[in-house]
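Scroll down for the structure; my scribbles are underneath it.
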Amino acid sequence: MEGEPTSAPPLARRLATFALGLRRADLSPARREKLALILADFIGCVLAGSTLPEASSAWVLAQPGPVRIPGVAEGLTAESAAIAMGAMGSLLQLHDGYGHGGNHPCNTIIPAVWCMRGARPMQAVHMAIAVGYEVANRLAASAHPALTLAGLAPTSCTGAIGATAALGRLLELDEDALARALSNAAFSFPAAALRGLTEHGSAVPLHGGLAARCAIEAVRMACAGLSAGERIFEDGGDPGVLTVLRSSGLDAPEAWRGQTLDGVYFKPIPACRHAQPAIDAIEAIWRDGPLAARDIAGVDVHTYPVALRFGKAPRAGHELYDRLMSVVWAVASALRHGRYDLSNVRAPAVDPEVDALCARIRLHVDEDYAVLYPRYLPARVEVTLRDGARRAGICMMEYGTPSEDGPYSPPGTNVPPLDRGGVERKFLGLACAALPEAQARALWNGIWSVEDLSPGA
């Protein structure tokens, strides 16, 4: 950053030192277990995503090669496998998120690591993920919410850099090579415009995988001796990458011990994170009895301003991403079916009752909720019935509150957050969409095949 003495080691080198020096003993037992849950959760999302018609979008950049990914028989190059894996894991909007950074670390870091793993043991995979998550999450947190408000989605910007750090650890690069790779990633990461997300663009699920590909390419360039500059992160005669990303700076990487893993949460339902509070508020309404869609005259959703960016109803084609990124559609689907889970996604995409409800939903900014964002993602839903009766529910989702030992989905919800057993059930429910149960359980056990872990609860 501006004013930082140029005699200080470049940030790229300090990140490389951290990535190569983190020891498993530096991670608490709870964080070691969290790494297995993180990997399992995303692999489950990939497997379930592979069964969807929309999975075809993951293959538009595919090139044949030797790398195989879960749920897919064909072999791909590492780069195109990473794109496909990142895309399939994002399709259901069930992949993890980091509350303090607004990013999804899983769909960049895990595809890069998985597709470059080769025959390396599972412990090496876990440690690479630990490194990648810490770098991506720290960078995202240092720029949150300024980067989002400036119009860039943080996942690909921060994820490409985190995934590069992860690959450096996995491949055991030397410090010089990894510093070069990190500078290459900082120079070439995909800058995903938030506008693509708020427009519900069908190409958006690929952006995490594109960042994973960027990381692989950054490493390949570094191994050939190429670098984008030692101090690309820092300001000089022009803004450095930290300034471009609206970052407040990264302090003391040498002291990082996986603390950001505590703030990584798994999604209990398939929807954009900004739709989840409104859906959970409806859970409170259902406690007073069911609602029939035909009896609903109007719905008012009061929430924080960023959620309104995702307030558009789906277009006529009702494409999957268009639905899952729409607060209006998620609320309408929940009220139409009296529930919200994977069955809502599998229901017919075009439903006249859902469309009719979408037209009766109004979104409002609540100024009290606005000041609570991003630590809290609050929502209040008020349903007015045709007979004049009113029903209301509130959710105060604590997306920015870290917890080392769980729960593993955000607290402050009406539905109890996921515990470890809940994460395992989620994985099996997703994995069994593509695999026989015995294979799904074997995959779960394989993910836990590290000496100091046990797959049992």
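Here are Ala228, Ala222, Ala181, Ala186: which of them is touching a helix residue (DSSP H, G or I) at 6+ places or on another chain (Cβ under 7 Å), under 16 Å from Ala82 (Cβ atoms) and either of a type in the set (A, V, I, L, M) or at pLDDT 95 or above (or both)? Break it down stepwise before answering.
Working: Ala228 fails: under 16 Å from Ala82 (Cβ atoms); Ala222 fails: under 16 Å from Ala82 (Cβ atoms); Ala186 fails: under 16 Å from Ala82 (Cβ atoms).
Only one candidate qualifies: Ala181.
Take residues that are out of contact with any Asp or Glu (no Cβ under 6 Å at 6 or more places or on another chain) and surrounded by fewer than 24 Cβ atoms within 10 Å (Cβ to Cβ) and tell me which of the helices (runs of 4 or more DSSP H) falling wholly in region 96-153 contain 3 or more. Please lay out each step first, then the result.
Working: elements: 106-115, 122-142, 146-149.
Ranges flagged: 122-142, 146-149.
Here is a yes/no grid of residues against (1) under 30 Å from Arg420 (Cα atoms); (2) among the basic types (Lys, Arg); (3) part of a helix (DSSP H, G or I); (4) within 22 Å of the chain's Cα centre (by Cα):
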residue: Pro268; (1), (2), (3), (4): yes, no, no, yes
residue: Pro277; (1), (2), (3), (4): yes, no, yes, yes
residue: Ala284; (1), (2), (3), (4): yes, no, yes, no
residue: Gly298; (1), (2), (3), (4): no, no, no, no
residue: Tyr321; (1), (2), (3), (4): yes, no, yes, yes
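In region 175-183 there is no residue matching the filter, namely being small (Gly, Ala, Ser), within 25 Å of Leu91 (Cα to Cα) and touching a residue at least 40 places away in the same chain (Cβ under 8 Å). How do the pairs read when you match residues in region 252-280 that are over 18 Å from Gly406 (Cα atoms) with residues anywhere that are surrounded by fewer than 21 Cβ atoms within 10 Å (Cβ to Cβ) and of a type in the set (A, V, I, L, M), using Cβ under 7 Å and keeping only pairs 6 or more apart or on different chains? Close Cβ pairs (under 7 Å, with a partner that is surrounded by fewer than 21 Cβ atoms within 10 Å (Cβ to Cβ) and of a type in the set (A, V, I, L, M)) amount to Pro270/Leu342; His274/Val306; Asp280/Val415.
For region 171-191, what are the residues that are surrounded by fewer than 24 Cβ atoms within 10 Å (Cβ to Cβ) and not aromatic (Phe, Trp, Tyr)?
Start the filter on region 171-191 by keeping residues that are surrounded by fewer than 24 Cβ atoms within 10 Å (Cβ to Cβ), which leaves 171-177, 187-188, 190-191.
Selection gives Leu171, Glu172, Leu173, Asp174, Glu175, Asp176, Ala177, Ser188, Pro190, Ala191.
When you scan region 345-372, how many residues do you find that are of a type outside the set (Gly, Ala, Ser) and in contact with a His (Cβ under 6 Å, 6 or more places away or on another chain)? Break it down into steps so the answer makes sense when it comes.
So the first thing to find is which residues in region 345-372 are of a type outside the set (Gly, Ala, Ser), and the list is 345-346, 348, 350-355, 357-358, 360-369, 371-372.
When the remaining residues are screened for being in contact with a His (Cβ under 6 Å, 6 or more places away or on another chain), the result is 350, 364, 366.
Counting residues in region 345-372 that are of a type outside the set (Gly, Ala, Ser) and in contact with a His (Cβ under 6 Å, 6 or more places away or on another chain) gives 3.
Out of region 407-421, which residues are in contact with a Phe, Trp or Tyr (Cβ under 8 Å, 6 or more places away or on another chain), assigned to a loop (DSSP other than H, G, I, E, B) and under 14 Å from Ile38 (Cα atoms)? Within region 407-421, Tyr408, Ser409, Leu418, Asp419 meet the criteria. The number of residues in region 374-390 that are of a type outside the set (Val, Ile, Thr) and surrounded by fewer than 19 Cβ atoms within 10 Å (Cβ to Cβ) comes to 9.
Matching residues to (1) in contact (Cβ under 8 Å) with a residue 12 or more places away in the chain; (2) among the hydroxyl-bearing types (Ser, Thr, Tyr); (3) touching a strand residue (DSSP E or B) at 6+ places or on another chain (Cβ under 7 Å):
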{"site": "Ala30", "(1), (2), (3)": "yes, no, no"}
{"site": "Val46", "(1), (2), (3)": "yes, no, no"}
{"site": "Glu54", "(1), (2), (3)": "yes, no, no"}
{"site": "Val67", "(1), (2), (3)": "yes, no, yes"}
{"site": "Val72", "(1), (2), (3)": "yes, no, no"}
{"site": "Thr77", "(1), (2), (3)": "yes, yes, yes"}
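Out of the residues in region 134-148 that are in contact (Cβ under 8 Å) with a residue 60 or more places away in the chain and more than 13 Å from Trp256 (Cβ to Cβ), state the one that is farthest from the chain's Cα centre (by Cα). Spell out how you get there, then give the answer.
In the first step, residues of region 134-148 are kept if they are in contact (Cβ under 8 Å) with a residue 60 or more places away in the chain; the result is 134-135, 137-139, 141-148.
Filter once more, keeping what is more than 13 Å from Trp256 (Cβ to Cβ): 143-148.
Values: Ala143: 16, His144: 15, Pro145: 15, Ala146: 18, Leu147: 16, Thr148: 14 Å.
Ranking the candidates gives Ala146 first.
Looking only at residues of region 140-189 that are among the hydrophobic types (A, V, I, L, M, F, W, C) and in contact with a Phe, Trp or Tyr (Cβ under 7 Å, 6 or more places away or on another chain), we find that the one that is farthest from Leu242 (Cα to Cα) is Ala160. Can you pull out the residues in region 246-279 that are over 30 Å from Leu320 (Cα atoms), buried (at least 20 other Cβ atoms within 10 Å of the Cβ) and out of contact with any Lys or Arg (no Cβ under 8 Å at 6 or more places or on another chain)? Result: Ser247, single match.
A Cβ distance below 7 Å, combined with a sequence gap of six or more or placement on separate chains, defines the contacts here; from region 198-226, residues that are not assigned by TED's automatic domain parsing to the domain that holds Ala58 reach no residue that is crowded, with 19+ Cβ neighbours inside 10 Å. Looking across region 336-361, the residues that are exposed (fewer than 13 other Cβ atoms within 10 Å of the Cβ) and within 25 Å of Cys395 (Cα to Cα) come down to Gly338, Ser343, Ala359. Annotation note: of Ala73, Ala58, Ala62, the sole residue that is crowded, with 24+ Cβ neighbours inside 10 Å and among the hydrophobic types (A, V, I, L, M, F, W, C) is Ala58.
Only one residue in Leu435, Leu363, Leu372, Leu377 is of a type in the set (A, V, I, L, M, F, W, C), closer than 25 Å to Gly101 by Cα and more than 23 Å from the chain's Cα centre (by Cα). Which one? Quick ask: steps written out before the conclusion?
On the way: Leu435 fails: closer than 25 Å to Gly101 by Cα; Leu372 fails: more than 23 Å from the chain's Cα centre (by Cα); Leu377 fails: more than 23 Å from the chain's Cα centre (by Cα).
The match here is Leu363.
Scanning region 294-323 for residues that are surrounded by fewer than 16 Cβ atoms within 10 Å (Cβ to Cβ), modelled with pLDDT of 95 or more and among the aliphatic types (A, V, I, L, M) turns up just one, Ala297.
The values are calculated or read from the model by the stated rules, or taken from the named source; none is laboratory data. Quick caveat, the model's predicted, so the values are computed rather than measured. Neighbour counts are summed over all protein chains in view; Cβ atoms, including those assigned to glycine, are modelled from backbone coordinates with ideal geometry.
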